[in-house]
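**Q** A single structure is presented below for examination.
The values are calculated or read from the model by the stated rules, or taken from the named source; none is laboratory data. Everything quoted here is computed from the prediction, not taken from an experiment. Neighbour counts run over all protein chains shown; Cβ positions are idealised from the backbone, glycine included.
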Amino acid sequence: MSKQLDYLDELEAEAIYILREVAGQFERPALLFSGGKDSITLVHLAEKAFRPGRFPFPLVHIDTGHNFEETISYRDDLIARIGEKLIVGYVQDSIDQGKVVEQKGKNASRNALQTVTLLDTIAKYEFDACIGGARRDEEKARAKERIFSVRDEFGQWDPKRQRPELWDIYNGKIAKGENVRVFPISNWTELDVWNYIKRENIALPSIYFAHERDCITRNGQLMAASPFLNMDEEDIVTKSTVRFRTVGDISCTAAVLSSADNLDAIIEEISSSKISERGARIDDKVSEAAMEDRKKGGYF
Amino acid sequence: MDILKFFTAGSVDDGKSTLIGRMLYDTDSILADQLEALERSNRKNDDGTIDLAILTDGLRAEREQGITIDVAYKYFHTDKRKFIIADTPGHIQYTRNMVTGASNANLAIILIDARNGVVEQTVRHSYLVSLLGIEEVVVCVNKMDMVGYSETVFSAIVEKYKALADKVKLKHVSYIPVSALKGDNVVTPSENMVWYSGTTLLNHLELVDVQQDKTKVNARFPVQWVIRPQTDDLHDYRGYAGRLQTGVVSVGDSIQVLPSGQQSSIVRIEFFGADLQQAIAGQSVVLHLKDDLDISRGDVLVAYENAPIPSKEIEADLCWMDSRALDTSLTYFLQHNSKITRCKINEIMYSVDINTLEKHAADSFKLNDIGRIVLKTADELAADSYDENRSNGAAILIDPRTNITVGALMFRTIL
Ligand SMILES: Nc1nc2c(ncn2[C@@H]2O[C@H](COP(=O)(O)OP(=O)(O)O)[C@@H](O)[C@H]2O)c(=O)[nH]1
């Protein structure tokens, strides 16, 4: 047997270690499940960390209502297979309660609204730790985030007040009202995730793979034509062969032209890719500091 | 393909950000939209080329001040290795950030500006590298383009550094003359320094052996979580989940449970439903023992031989990380592996002036102070010395008033 771990084994072992630290250190943790490949990977890692026992946390999905159908059916199948608890927080509820106001105009999306629903859900169930699938390679602000990242009562992240994080000792002590966001796959890159998905044979929602779809072009990006998009006569619908690199609110997740309809083709495409994954998310484009602002406001 | 974690240390303006940017750029690790954002930004070099340093200093406050003030992690790979870079600030007021970045690294790059040579900061950085037990050091003499790519300048700096390396007890040191700005010897061999016959920085990083062979050290397995499904078909199932820090464990091995000292042996090593004959350092697995013992999170399973002797008193180096000074009358929390216990600092033996390396008496530690202390814990710890075992010899201190991590501890002698 080799006395040295392969890089995917090492990343996997680290993520499992972090998940078990969450189990050991917190009273009421939760796993934030978006339906995207990163949170699907987290669920797989949680199975490796806790089977044959149950997960020591429920899955929590913040549902914008503007979904790709495929992700919801994927989610329900997954829950049925793993037999764990799912909690859904609906952005529509926050809208109905008057806590948030639906955006208007052509580029309206519910992406910004989900922060409120998330914070309400955290408060309602008194979650003290929320596991998320963010990675440090996604974006510059994230490159500085801790693996255990403390949020105040308002869900805010203060980059200046981050705790030092040394060795693999994670300090999960918090005051009442605070909670910790935990990122077990911080050290993975997008390519690492894909290579892992392939190695582990993890099933993904079909929208990750190339398929034919009605699309329109907005701000230079391809968007799935859907009833959730405020379309007008300027928007010309064309059939294109596309896939999605992230799965979010359908009204702000851009597609990429691609013929990659299997994992090998996707890995090949990413290895030589000219666009970063977040480049396909419209909401990050607004300003270079967009992500930083959203994080301070309690976004995932 | 394995993983190399390294960090870079240098004074402000030595070219750290440029060096990392250069490495990412020349290995094609920067994607088109990121490059485009770079080109949009109005920071340019004097000659109009894009400023590679922007790639690594992230947050807005830092962009405004133009300096890195935290640890930023960057990732890239070649076909030989995956690299994780901890980019840390070099100024003395950020010593704690550097300690943080260094705590997880297997290799340190120490940057020296060819025009300035070994300076006070170089001494400090080298001392920290030694304190944190980083085995491999690469000294990059940067800005060689500004000293006419002179071999004499380079050799003089190497000589000077060797004396320093001896003084702070660094084991493996390599020296590379580079120009981060122009790219010499970073990823591509320099045509301006034919007198240099060594490898490029990237080549060195790809080939250097940093497995200080964790598997040769005695087995240490802190229990993180006990798996007990308590279902009908798994009624008696009891598995200890954790990550093997060091060593190797095999089915049949005798072990001790610390701090209680109970003995048993491993009957099963499980990973996601599969049985393994053996687990090696770094693997997260589930262990099953022959005897039904009372074991919970915070306990450590260790190899029968060379087991640590549980103790409540430890001599350690402490790096203070909080703006509120160390209070020797206060009880802190100490977190060591999966165990948290109460802790007091009973004695400050000395503090070290990290610029001159002189020791002097002290009655408290302020932010960024480092020195030797004796601590006393409420519960026994099954710890090793940091020199013998970097994972089982380290701990953090937590302020009970704020819950903030205020100190980094490296155990030197278990009393
Ligand atoms: N001539 C020259 N200038 C360099 C070199 N490396 C960095 N610089 C310049 O030195 C300045 C500081 O570099 P930067 O990377 O921001 O330093 P940091 O503070 O260590 O991150 C910038 O103006 C760089 O362009 C080099 O190899 N040669």
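**Q** Kindly indicate whether any position in the stretch A:4-11 is within 11 Å of chain B (Cβ to nearest Cβ), of a type in the set (D, E, K, R), surrounded by fewer than 20 Cβ atoms within 10 Å (Cβ to Cβ) and in a helix (DSSP H, G or I).
**A** Yes, the stretch A:4-11 contains a residue that is within 11 Å of chain B (Cβ to nearest Cβ), of a type in the set (D, E, K, R), surrounded by fewer than 20 Cβ atoms within 10 Å (Cβ to Cβ) and in a helix (DSSP H, G or I).
**Q** Next question. If I ask for residues that are acidic (Asp, Glu) and within 11 Å of the ligand (Cβ to nearest atom), which ones from the stretch B:80-122 would you list?
**A** B:Asp87, B:Asp113
**Q** Could you tell me which of the residues A:Lys198, A:Lys173 is basic (Lys, Arg), facing another protein chain (nearest Cβ under 10 Å) and not in a strand (DSSP E or B)?
**A** A:Lys173
**Q** What are the pairs with Cβ atoms under 6 angstrom where one residue, in the stretch B:185-202, is assigned by TED's automatic domain parsing to the domain that holds B:Asp145 and the other, located anywhere, is among the aromatic types (Phe, Trp, Tyr)? Sequence gap at least six, or different chains.
**A** B:Asn192/B:Tyr149; B:Met193/B:Tyr149
**Q** Residues being within 16 Å of the ligand (Cβ to nearest atom), assigned to a loop (DSSP other than H, G, I, E, B) and surrounded by 14 or more Cβ atoms within 10 Å (Cβ to Cβ): count how many of those fall in the stretch B:131-174.
**A** Number satisfying all stated conditions: 3.
**Q** Residues of the stretch A:12-54 being closer than 24 Å to A:Pro205 by Cβ, away from every other protein chain (no Cβ under 11 Å) and either outside any helix (DSSP H, G or I) or hydroxyl-bearing (Ser, Thr, Tyr) (or both), which ones?
**A** A:Ala30, A:Leu31, A:Leu32, A:Phe33, A:Ser34, A:Gly35, A:Gly36, A:Ser39, A:Thr41
**Q** Every residue in the stretch B:5-19 that is more than 6 Å from the ligand (Cβ to nearest atom), in contact with a strand residue (DSSP E or B) (Cβ under 6 Å, 6 or more places away or on another chain) and either over 15 Å from B:Val129 (Cβ atoms) or away from every other protein chain (no Cβ under 13 Å) (or both), please.
**A** Correct list: B:Phe6, B:Thr8, B:Ala9.
**Q** Within the stretch B:181-205, restricting attention to residues that are part of a helix (DSSP H, G or I) and more than 15 Å from the ligand (Cβ to nearest atom), which residue is farthest from B:Leu24 (Cα to Cα)?
**A** B:His204
**Q** Out of (1) under 30 Å from B:Asn403 (Cα atoms); (2) free of Cβ contacts under 8 Å to residues at least 24 places away in the same chain, what's the single condition that is false for A:Pro184?
**A** (2)
The rows are residues; the columns are (1) buried (at least 17 other Cβ atoms within 10 Å of the Cβ); (2) more than 30 Å from A:Ala175 (Cβ to Cβ).
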{"position": "A:Phe26", "(1), (2)": "yes, no"}
{"position": "A:His61", "(1), (2)": "yes, no"}
{"position": "A:Arg75", "(1), (2)": "yes, yes"}
{"position": "A:Ala80", "(1), (2)": "no, yes"}
{"position": "A:Glu102", "(1), (2)": "no, yes"}
{"position": "A:Ser109", "(1), (2)": "yes, yes"}
{"position": "A:Gln114", "(1), (2)": "yes, no"}
{"position": "A:Thr117", "(1), (2)": "yes, no"}
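**Q** Still on this model: Filter the stretch A:87-98 down to the residues that are of a type outside the set (Phe, Trp, Tyr) and closer than 19 Å to A:Asp249 by Cα and list them by number.
**A** Scanning the stretch A:87-98 gives A:Ile87, A:Val88, A:Gly89, A:Val91, A:Gln92, A:Asp93, A:Ser94, A:Ile95, A:Asp96.
**Q** From the list B:Asp291, B:Asp363, B:Asp322, B:Asp379, which one is farther than 30 Å from B:Thr122 by Cα and in a loop (DSSP other than H, G, I, E, B)?
**A** Answer to the check: B:Asp291.
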